[in-house]
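Visitor: Starting off with a structure, shown below.
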């Protein structure tokens, strides 16, 4: 296995420790923000924005604000928020969470800046307290995950960003009187319990997925993987997009993220042998629809890859390949996005290894890294004041 993939494998395994390592510190930081700003009494809506994994972390955690804080929330890609939403909608009744693990993404920094210009409470979420994002926003939440030595598709940063968003949502719910302190503590205890289950899920799936990938990347296999459709709903609509992104980063492999319902209206018609449909089906609001869609995948001669709880026998019977979530049963759907990415990350890891493709191809094609970093980190940041002057 290439060094970059060893790094990714280590990151995937280390995710189970993220809450233990940085959860209490994140909670303390969030509580400090509320204690000094009286924020809960000032705002009536929340915006979450970012690029790539950071945007998807917001999408995965969106519904927590409605359930646990009873407040309106919207999640936008950074350019959509900074250039279209912020100038017309944002005011001093809003809080804006701008997320960038590096703190260097130009468009996300622009979100934080423009939110502050509109008198919103602008909060940057990053692992670098000295980053431009941290210095631009009114407040910051620092997620202290270990630095990664080398280049590999990130996974710990995705979990850490989710923990920051969840902590903010729970603290907001507590301040708004939706949750008691005891209820908030119970939620964090529940999340902490997921750590061992995450570790067990990695162990249960690592060799299983390796065998699956090896078998279905062989040229002579008539059902050789040609494309993935990755389906999820609710909190796992973000997971489906995250999984697609990891495949792209790890090996440049084509995949289509789609909502469980929308697949039936769109990708159903292009499903054929060689189409591997991965369905994220936790016990929750869309599980019944997932079972119906799996039947349709079979009718169209696609391969049915299902991610669900180990004890879900009905779901396992509907699958050609079943990838189990182990260590917990009846996981609350609003937190499944913390653990359900793991099999997708392992698929990306093993696809890269099987095809002999290194992530991003930065080493063999250094110009790709130069151009990628230029367009992401060095893009011009345009304040609203400058835009108005034009």
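The values are calculated or read from the model by the stated rules, or taken from the named source; none is laboratory data. The model shown is predicted, which means the values in this text are computed figures rather than measured ones. Cβ atoms come from the backbone with ideal geometry, glycine included; neighbour counts cover every protein chain shown.
Visitor: Mind listing whichever residues of the range 1-17 are at pLDDT 75 or above and buried (at least 19 other Cβ atoms within 10 Å of the Cβ)?
Guide: 12, 14, 15, 16 - these are the residues of the range 1-17 that are at pLDDT 75 or above and buried (at least 19 other Cβ atoms within 10 Å of the Cβ).
Visitor: Next question, about the same structure. Hey, can you tell me all the residues within the range 255-271 that are farther than 14 Å from residue 301 by Cβ and in a helix (DSSP H, G or I)?
Guide: Within the range 255-271, 260, 261, 262, 263, 264, 265 qualify.
Visitor: Could you list all residues from the range 249-297 that are touching a strand residue (DSSP E or B) at 6+ places or on another chain (Cβ under 6 Å) and modelled with pLDDT under 95?
Guide: Correct list: 254, 255.
Visitor: Just to check your reading of the model, which residue among 102, 161 is surrounded by fewer than 20 Cβ atoms within 10 Å (Cβ to Cβ), in contact with a strand residue (DSSP E or B) (Cβ under 9 Å, 6 or more places away or on another chain) and either under 19 Å from residue 340 (Cβ atoms) or modelled with pLDDT under 95 (or both)?
Guide: 102 is the lone residue from the list that is surrounded by fewer than 20 Cβ atoms within 10 Å (Cβ to Cβ), in contact with a strand residue (DSSP E or B) (Cβ under 9 Å, 6 or more places away or on another chain) and either under 19 Å from residue 340 (Cβ atoms) or modelled with pLDDT under 95 (or both).
Visitor: Could you list, in sequence order, the residues of the range 321-374 that are outside any helix (DSSP H, G or I) and within 30 Å of residue 66 (Cβ to Cβ)?
Guide: 323, 324, 325, 326, 327, 328, 329, 330, 331, 332, 339, 340 - these are the residues of the range 321-374 that are outside any helix (DSSP H, G or I) and within 30 Å of residue 66 (Cβ to Cβ).
Visitor: Could I ask something else about it? Can you pull out every residue in the range 272-283 that is closer than 27 Å to residue 335 by Cβ and not in a strand (DSSP E or B)?
Guide: 281, 282, 283
Visitor: Can I ask one more? Please verify whether residue 49 is touching a residue at least 40 places away in the same chain (Cβ under 8 Å), more than 27 Å from residue 180 (Cα to Cα) and touching a strand residue (DSSP E or B) at 6+ places or on another chain (Cβ under 8 Å), treating the condition exactly as stated.
Guide: Judged against the criteria, residue 49 is a match.
Visitor: On to the next question. When you go through (1) surrounded by fewer than 21 Cβ atoms within 10 Å (Cβ to Cβ); (2) in contact with a helix residue (DSSP H, G or I) (Cβ under 8 Å, 6 or more places away or on another chain); (3) in contact (Cβ under 8 Å) with a residue 40 or more places away in the chain one by one for residue 279, which number turns out not to apply?
Guide: With (1) surrounded by fewer than 21 Cβ atoms within 10 Å (Cβ to Cβ); (2) in contact with a helix residue (DSSP H, G or I) (Cβ under 8 Å, 6 or more places away or on another chain); (3) in contact (Cβ under 8 Å) with a residue 40 or more places away in the chain applied to residue 279, the lone miss is (1).
Visitor: Among the listed residues 349, 323, 384, 355, identify the single one that is crowded, with 16+ Cβ neighbours inside 10 Å, at pLDDT below 95 and under 17 Å from residue 212 (Cα atoms).
Guide: 349
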